[in-house]
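Quick notes on the structure that follows.
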Amino acid sequence: MKHRGMVENHLKEKPTGSGSGQPDAGSAYGAKAPGDNEERYRLIVNTADEGIWVLDEQYLTTFVNRRMADMLGYSRDEMDGKSLGSFLFEEDLPDYEAKVKRRRDGIAERYERKLRRKDGGTLWVLVSATPIMDKEKQFQGSFAMYTDITERKQAENALLQSEAKYRSIFENAVEGMFQSTPEGRLISANPAMVRIFGYASPEEMISMVTNIGHQLYVNTDDRRAFMQLLEHHGITGGFESQFYRKDGSVLWGSLNVRAVKDPEGTILYYEGTLMDITARKNAEEELKKSEEKYRNIFENAVEGIFQVTADGRYMSVNPALARIHGYSSPEEMVNSVTDIAHQLYVDPSRRDELMRLMKEKGFVKGFEIMMRRKDGGLQWVSMSSHAIQDVNGTVLYHEGTLEDITSRKLGDEELKQLRKTIGGTIKVLSSVVETRDPAISGHQAMVSRLATELSQAMELPQDMIKSIGIAGLIHDIGKVSIPVEILSKPSGLTGMEYNFIKLHPQSGYDILKEAELPYPVAEIILQHHERLDGSGYPKGLKGNEILREARILAVADVVAAMVSPRTHRPGYGIGAALDEIEKNKGLLYDFEVADVCLRLFKDKGFRF
């Protein structure tokens, strides 16, 4: 074909490849025979790194070398006769038409073009296109060299995308972003940085701030300390300092900066971010002032103030609360009281009632309860408390105040009169029980006496000893609700009859609970048949769930009952009674109470 001859002529006239210093093909083989030259030129064309593409005057393919076909994924035969336009993307056709016109006008040029590969992929090439003209300067076609630049274009596109991405971050970040020289001049600043410092534009800030240390830092020592950190570590984060805005007002900022160095380690510039933390710093300062104010109130209040977890552990208490409950310090009280309901409440069920009211209303006010001091003494208190919740409504803890109202509840004169009245009432109640059940005549007095002796030996507070003595005198008051036939039955009781007997602690509690006694007598009577292992009645309480007073009364009741005769049995004697206490101390009976009881009889000679 005539264009194959044109290829050879162009190769003789021009260097192969990109034309960069390779020897002229014609001069290199000029001394050889024409047949040898043709073979050599064919070899050069087919082994060239660049693609070679020859088109006729209609821009139809007349020749491509193997490299050109490989780059597009075709065979040479598949490309033969095809228009160059069929290998282009639609958006490039207008530019293609313009370049065809320039070839027809005899103009050669270099340009970048993307071609469609056989598999649909894109091939980016650098094109060196030359028109083929005959002797009369008539256009005969085009000869072009194609260099694959796909990898370079992909890298350029990736770089452009990356730059666009980080430019967007830079421009739209809420934090200030900047670059500065080691000498303290700004190189760049993003819009957020400009807004933070009150400038109109990045250009204005960069041109006006020529010395960062003196113009922006309130304290130049902070700048020196900051630079020392950077020089030593190459990076610093969370460095907080005060800065001047353009208008002279002061802001707090947090800096995160790194040094950018060349391969030799020389610092080229610094780059980093600045967050405006003025609001946070102001809030911290206000919080500090508020904490100091309320800490002073907390420490010096005459009322007890507390925070307590939902499960009954103190988180904090003020000195007044510690004093009210008889502790030497708030720390001692927080560490010692791990179960408020059973350590402080005389009646733990009142704690349950308090929590129920808190759950229903979110707060309580003026809730009056009887509590214990550290030494076991009793006191009346009035509590106001509210729940602290998170955003989801979950209770985090309770906080409130507590006032000692013992004096109000039990004025001295009222207390004297009340004690007289109570004493007479107790005797009447005790005699009522013994009238219905003559077989236990004197039993309640025995229990009261022994329980009082045990309490004194354990060095309990006087009001606690008093309440135990009273409870002992009427601990069987509930038996007034049991038929006399069962109480005085001369033989053993049936199961049903025994179940009747087991009702008397609850009956006694029901009789006395509304009596407003100044002591927890009703609760003691309710629990005096409970046992440490939960085998007692009426509620099957265990361990510390049982009032200490009730644990003392239980031991006294067992000993007094065993030594006294009943209608259906003789007395067992003191030896058998003490054996029972010894055998079951720590199991059924409180270990300390049982030990004191045994010593009282064996070492101190106590007798009924």
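The values are calculated or read from the model by the stated rules, or taken from the named source; none is laboratory data. Please read all numbers here as calculations on a predicted model, not as lab measurements. Cβ coordinates were reconstructed from backbone atoms using ideal geometry, including for glycine residues, and neighbour counts include every protein chain displayed. Side chains included, ligands, DNA and RNA excluded: accessible areas come from the protein's heavy atoms. Shrake-Rupley method; radii C 1.70, N 1.55, O 1.52, S 1.80 Å.
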message: Amide H of Leu396 versus every other amide H placed in the peptide plane: which residues, excluding those fewer than 5 positions away on the same chain, fall under 5 Å?
response: Ile388, Gln389, Asp390
- line: In the stretch 500-608 the accessible area split gives carbon plus sulfur, as whole percent at 1.4 Å, a share of 51 percent
- prompt: Looking at Phe226, Val391, Ile267, which one has the Cα that reaches farthest to the positive end of the dipole of the chain (charges on Cβ: Lys, Arg +1; Asp, Glu -1)?
  reply: Val391
statement: Contact order relative to length for the chain, counting C-alpha pairs under 8 Å separated by 6 or more residues, stands in percent at 6 percent
- prompt: Charges only on Cβ, +1 for Lys and Arg, -1 for Asp and Glu: so what's the dipole of the stretch 106-256 about the Cα centre, in debye to the nearest 20?
  reply: 620 debye
query: What FRET efficiency, computed as 1/(1 + (r/R0)^6) with R0 = 25 Å and r the Cβ-Cβ distance, is obtained for Asp247 and Arg185, rounded to the nearest 0.05?
result: 0.70
query: Stretch Gln462-Asp262 to full length: gain in nm at 0.36 nm per residue minus the Cα-Cα span?
result: 63.4 nm
message: Quick check on the stretch 468-583: take the gyration tensor over C-alpha atoms, sort the square-rooted eigenvalues as a ≥ b ≥ c, and tell me if it's rounded (a/c under 1.5), prolate or oblate.
response: oblate
task: Provide the solvent-accessible area of Tyr314, counting protein heavy atoms only and rolling a 1.4 Å probe, rounded to the nearest 10 Å².
output: 20 Å²
query: Can you tell me the accessible area per residue over the chain, all protein chains present, probe 1.4 angstrom, in square angstrom?
result: 52 Å²
- request: Pop out the carbon and sulfur fraction of the accessible area of the stretch 52-172 as a percent, whole number, probe 1.4 Å.
  value: 48 percent
- request: Work out the length of the dipole vector of the chain about its Cα centre, built from +1 on the beta-carbon of each Lys and Arg and -1 on the beta-carbon of each Asp and Glu, and round it to the nearest 20 debye.
  value: 820 debye
Highest to lowest packing among 547-559, 361-373, scored as the average C-beta count within 10 Å: 547-559, 361-373
query: In what sequence, largest accessible area first, do Thr61, Thr210 appear using a 1.4 Å probe?
result: Thr210, Thr61
task: Work out which helices of the chain, taken as complete DSSP H runs, extend at least 15 Å along their axis over the Cα atoms and score a mean Kyte-Doolittle of 1.0 or more, then list them.
output: 548-563
Rg to Rh quotient for the stretch 144-185, alpha carbon positions, Kirkwood Rh: 1.29
field: Gain in span if fully extended, Met208 to Val391, counting 0.36 nm per residue against the direct Cα distance
entry: 61.2 nm
Carbon + sulfur, % of accessible area of the stretch 274-339 - ligands and nucleic acids excluded, 1.4 Å: 51 percent
query: Mean 1/r over all different Cα pairs, inverted: what Kirkwood radius does the stretch 323-383 give, in Å?
result: 12.3 Å
- request: Apply the Karplus parameterisation 6.51 cos²θ - 1.76 cosθ + 1.60, with θ equal to phi minus 60°, to every residue of the stretch 191-202 and state each ³J(HN,Hα) to the nearest whole Hz, in sequence, with x for glycine and proline.
  value: x, 5, 4, 5, 5, 4, 8, x, 8, 7, 7, x
task: May I ask you to compute the full-extension gain from His233 to Lys365, defined as 0.36 nm times their residue separation minus their alpha-carbon distance, rounded to one decimal in nm?
output: 41.6 nm
- line: Residue-ordered couplings for the stretch 530-538, obtained by feeding phi - 60° into the Karplus form 6.51 cos²θ - 1.76 cosθ + 1.60 and rounding to whole Hz (Gly and Pro as x), are 6, 10, 3, 8, x, 8, x, 9, x
message: Tell me the accessible surface of Lys289 in square angstrom (1.4 angstrom probe, heavy atoms of protein chains only), to the nearest ten.
response: 110 Å²
task: At a temperature of 10 °C and a viscosity of 1.306 mPa s, determine how fast the stretch 527-608 diffuses translationally according to Stokes-Einstein, using the Kirkwood radius over alpha-carbon pairs as Rh; express D in µm²/s, rounded to the nearest whole number.
output: 123 µm²/s
